[in-house]
Amino acid sequence: MNALEKDQDAEFLRTLSLLYVEDEEEVRRELTRFLSRRFAKVDVAANGQEGLELFRQHGGYDIVVTDVRMPVMDGLSMAAAIKDIQREVPVIVITAYNEMDYFVRAIEIGIDRYITKPVDPFLLMEAVSRSAKMHFHQREIERAREETTEALNQVVAVLARAIEVRDPYTDGHQKRVSQLAGAIAERMGLPAAQVAGIRVGASIHDIGKIQVPAEFLSMPRRPSPDEFALIKAHVEAGYEILGDATFPWPIAQMVRQHHERLDGSGYPQGLKGDEISLEARIIAVADVVEAMSSDRPYRAALGLEAAKEEIRQHRGTLYDGAAVDACLAVLESNPERYVGTAA
């Protein structure tokens, strides 16, 4: 490391807060003096219990440095509690021991680095610097990912609104389907990332209607077979529109498959069972319930009870059983939130 890099390292460390936990008074005093000259803030504790209380009181630290063998609460027990509070905080342990049990426990807890006694202060600083840099780099990556996701969500919202502007009778349909599909996915216990993808896919599941003539979408009568064939083409049109887009979720497949049915009677591909993605099976249930519960140009709303009876009657034949069960449970708690007309 050249002089400039060392200076930059030193400046970086002077912006950080550090919790130092050590029961040996002489070691604690000497190392505290060393650390205090190099960090913006250094708080000190004599055992794990004191250290954990300080961590809670101050809302966390940028770095934690701790001895292992201490009275009241040992360093690894404290580290485990701290990791439960703030998983990403770097924890560096100082130890004179090398028992296998210690290493296994440290790995399980998620200790970032360890330093052996007697402590070389400069090796400790190197370990702290590396851990802190890695932590802040990961934090920046996560922040950039969140910003990208937010921008993506805003673009998707604009697309959804553009579709609905052309079809005032179904204004809000996609938004309500997205809310209901997300609630179903949560009720099914799916991972948060998968739930987020389902919300996004549902919010633009009718994007292909951009290519359907507007007069077909607002006809005050049921469409003829030929007209309905053109309307049905919106799923393939949506798939084509999204085909080259790179999402962290299978959005294009959700759009293409949300009118497929378990028995193969759906469209456009006549897929059956697990050939249909789980995301699309969930959106299909939400879409049917919302559509039946809301007014359409050619009919008044059929009502929520009719929609519930539809998915209940065809559970496991047309609609995914787990998605139906979750949907019914969600609607039991708060139906008005998810459908246009709760009758």
### Query
Do you know which of the residues in region 318-343 that are modelled with pLDDT of 95 or more and not aliphatic (A, V, I, L, M) is nearest to the chain's Cα centre (by Cα)?
CYS327
### Query
What do you reckon, is SER277 surrounded by fewer than 23 Cβ atoms within 10 Å (Cβ to Cβ) and closer than 18 Å to ALA322 by Cβ?
yes
### Task
Out of THR95, THR66, report the one residue that is buried (at least 18 other Cβ atoms within 10 Å of the Cβ) and modelled with pLDDT under 90.
THR95
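Report whether or not ARG166 is among the basic types (Lys, Arg), more than 25 Å from GLN211 (Cβ to Cβ) and either outside the structural domain of ILE283 (by TED's automatic domain parsing) or out of contact with any Ser or Thr (no Cβ under 8 Å at 6 or more places or on another chain) (or both). Full working, then the answer.
Numbers: among the basic types (Lys, Arg): yes; more than 25 Å from GLN211 (Cβ to Cβ): no; either outside the structural domain of ILE283 (by TED's automatic domain parsing) or out of contact with any Ser or Thr (no Cβ under 8 Å at 6 or more places or on another chain) (or both): yes.
Judged against the criteria, ARG166 is not a match.
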### Query
Tell me, which residue of region 301-317 that is over 29 Å from the mean Cα position of the chain (by Cα) and buried (at least 21 other Cβ atoms within 10 Å of the Cβ) is modelled with the lowest pLDDT?
LEU304
#### Entry: Residue check, ARG105 farther than 26 Å from ILE198 by Cα and at pLDDT 75 or above
no
### Task
Could you check, for region 194-204, whether at least one of its residues is assigned by TED's automatic domain parsing to the domain that holds HIS173, farther than 24 Å from VAL285 by Cβ and either of a type outside the set (Asp, Glu) or modelled with pLDDT under 85 (or both)?
no
### Task
Answer yes if at least one residue in region 37-52 is over 22 Å from ALA10 (Cα atoms) and either among the hydroxyl-bearing types (Ser, Thr, Tyr) or assigned to a strand (DSSP E or B) (or both), and no otherwise.
yes
### Query
Considering region 275-300 alone, what residues qualify as being modelled with pLDDT under 95 and either assigned to a loop (DSSP other than H, G, I, E, B) or more than 20 Å from VAL195 (Cβ to Cβ) (or both)?
ALA291, MET292, SER293, SER294, ASP295, ARG296, PRO297, TYR298, ARG299, ALA300
#### Entry: Number of the exception - THR32 against (1) under 19 Å from ALA127 (Cβ atoms); (2) part of a helix (DSSP H, G or I); (3) within 31 Å of the chain's Cα centre (by Cα); (4) modelled with pLDDT of 90 or more
(3)
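The values are calculated or read from the model by the stated rules, or taken from the named source; none is laboratory data. In this text, all values refer to a predicted model and were calculated from it rather than measured experimentally. Please note: Cβ atoms are built from the backbone with ideal geometry, for glycine as well, and neighbour counts cover all protein chains shown.
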